[in-house]
Amino acid sequence: MFYNQNPLPDDRSQIIRDHLYLVDILVGRMVTQVPSFMNKDDMKSAGMLGLLDAANKFDPGKNILFKTFAEYRIRGAILDEMRKLDWFSRSLRDKQNRIGKTIVELELQLGRDPEDHEVAQAMKLSLEDYRSMLGEVSHLGCVSLNETLDNSHEGSSFLDSLMDERDDISPGARIEGQQLAAKVADVLAQLSEKERLVISLYYYEELTQKEIAEILELSEGRVSQLHSQALIKLKSKLEARLY
């Protein structure tokens, strides 16, 4: 549904009521990606602020559905709350970057995507410890997908490329976005079959990690590890192609 430009307060209230369900949906999808001390009530409160912000700033003149605009605002508000809580510590960032750097270096050495045990060996870790580290940094993936790649892409993010839902960008930015999406597609093709399946089922089919685990006949923890590793590979490999 499209809404009038500069809606009156009563109209904004109706818009918010019509889209309250989005907050619950996005909280349900993101709850497995946040630390245990950030509960659903925290997420819902932040999401409601995002929805309110969307209703106040929505401009239908840009020919975009309010639902699409609101989803980005709600998700962004929840991520902002995570940043305020400063849960993604420098040590976790360092671990995520170390994994990514090792994967890129091995890819150059081997001429192919490295296996889990090869990454673990290069990092002087056991396979169990490596996978445990993937679990530690898994929550960073939610933020990483929303981070800007670099200033030349007018705020393009990994999530923008994966979801490809934006309708309110300029022709020039759209071309850059299409080029970026092509690079993302190229990197996705280099992931393992299970990693591609996890990314596809999670971001395109919008299944939960529990549902994906049942489909792939894996533990939920293993799905989380595959998801985390896939996002690290996406981030590291794509950055290597952009700089």
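Identify all residues within segment 50-59 that are in a helix (DSSP H, G or I) and either open to solvent by less than 20 Å² (accessible area, probe 1.4 Å) or under 14 Å from LEU20 (Cα atoms) (or both); write none if there are none.
If the condition is that a residue be in a helix (DSSP H, G or I) and either open to solvent by less than 20 Å² (accessible area, probe 1.4 Å) or under 14 Å from LEU20 (Cα atoms) (or both), then GLY50, LEU51, LEU52, ASP53, ALA54, ALA55 are the ones that fit.
Please give the number of the condition ILE64 fails out of (1) touching a residue at least 12 places away in the same chain (Cβ under 8 Å); (2) in a helix (DSSP H, G or I).
Result: ILE64 passes all but (2).
Out of the residues in segment 1-43 that are assigned to a loop (DSSP other than H, G, I, E, B), farther than 27 Å from HIS227 by Cβ and at pLDDT below 85, state the one that is least open to solvent (accessible area, probe 1.4 Å).
Among them, the one singled out is PRO7.
For every residue, the table says whether it meets (1) charged (D, E, K, R); (2) modelled with pLDDT of 85 or more; (3) open to solvent by less than 30 Å² (accessible area, probe 1.4 Å).
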{"site": "ASN151", "(1), (2), (3)": "no, no, no"}
{"site": "ASP164", "(1), (2), (3)": "yes, no, no"}
{"site": "GLY177", "(1), (2), (3)": "no, no, yes"}
{"site": "LEU180", "(1), (2), (3)": "no, no, yes"}
{"site": "ILE199", "(1), (2), (3)": "no, yes, yes"}
{"site": "GLU205", "(1), (2), (3)": "yes, no, no"}
{"site": "ILE212", "(1), (2), (3)": "no, yes, yes"}
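Go through (1) under 18 Å from LEU234 (Cβ atoms); (2) buried (at least 16 other Cβ atoms within 10 Å of the Cβ); (3) modelled with pLDDT of 80 or more and name the single condition GLY47 misses.
Condition not satisfied by GLY47: (1).
The values are calculated or read from the model by the stated rules, or taken from the named source; none is laboratory data. Since the model is a prediction, treat every value here as computed from it, not as a measurement. Because the Cβ atoms are built from the backbone with ideal geometry, glycine has one as well, and the counts that use them run over all protein chains shown. When the accessible area is computed, the model is the full protein with side chains, heavy atoms only, and any ligands, DNA or RNA have been set aside. Shrake-Rupley method; radii C 1.70, N 1.55, O 1.52, S 1.80 Å.
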